[in-house]
């Protein structure tokens, strides 16, 4: 077996052994999961603008402003750099495998209460309009960014189209658990 196949198989084994708790942690709220899929940030932006002024109930520990701020943080960090990175071996094995799986199925699933490692605390008192403005600015900044993007804290180096997809899937995963009225 060559090295690449070994690393992929090892990564899959570790993924299977280490992620069941995260995969099943949200089983109770799974009923709300609409499994939204966005191919890119343009599609995500259409949905975000359509719900911006609606009444939204979130699940988990964060209020709406915190979720929206979290989404903005993720996009901002792809430009300025994530405060903390998983170790390089994780990023080139499990991280790459996870991104590949998510990318191939077009849908990400992750712990919706997980903060970005090292990120500033999400303020519960942030005005929702300001949170949405921050997210829209982050998306616009990302779309207009022309330099090299920083490594993702878990997935490692991603090119712009991969990051676009990763951000869109991240937004879709969180929005899938919103109840909009």
(request) Just report the Cα centroid separation between the range 143-181 and the range 67-122, whole Å. (result) 8
(request) Could you pull out which residues in the range 115-152 have an amide N less than 13 Å from a spot 7 Å beyond the Cα of residue 79, following the Cα-Cβ vector? (result) 134-150
(message) Need the full-extension length gain, residue 137 to residue 159, defined as separation in residues times 0.36 nm minus the C-alpha distance. One decimal, nm.
(response) 5.9 nm
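If each residue of separation counts as 0.36 nm, what is the full-extension length gain between residue 125 and residue 61 once their alpha-carbon separation is subtracted?
Details: separation 64, 0.36 × 64 = 23.04 nm, distance 1.38 nm.
Stretched out fully, the residue 125 to residue 61 stretch lengthens by 21.7 nm.
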(request) Within the range 64-97, which residues have the backbone N less than 20 Å from the label spot 7 Å out from residue 34 along Cα→beta-carbon, could you tell me? (result) 64-72
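Quick check on the range 44-181: take the gyration tensor over C-alpha atoms, sort the square-rooted eigenvalues as a ≥ b ≥ c, and tell me if it's rounded (a/c under 1.5), prolate or oblate. Before the final figure, lay out the partial values.
Numbers: a/c = 1.59, a/b = 1.50, b/c = 1.06.
Prolate, because a/c is 1.5 or more and a/b exceeds b/c.
Read-outs throughout are calculated quantities, based only on the coordinates presented, and are distinct from any laboratory measurement. Since the model is a prediction, treat every value here as computed from it, not as a measurement. Note that each Cβ is placed from the backbone with ideal geometry, even for glycine, and that neighbours are counted across all protein chains shown.
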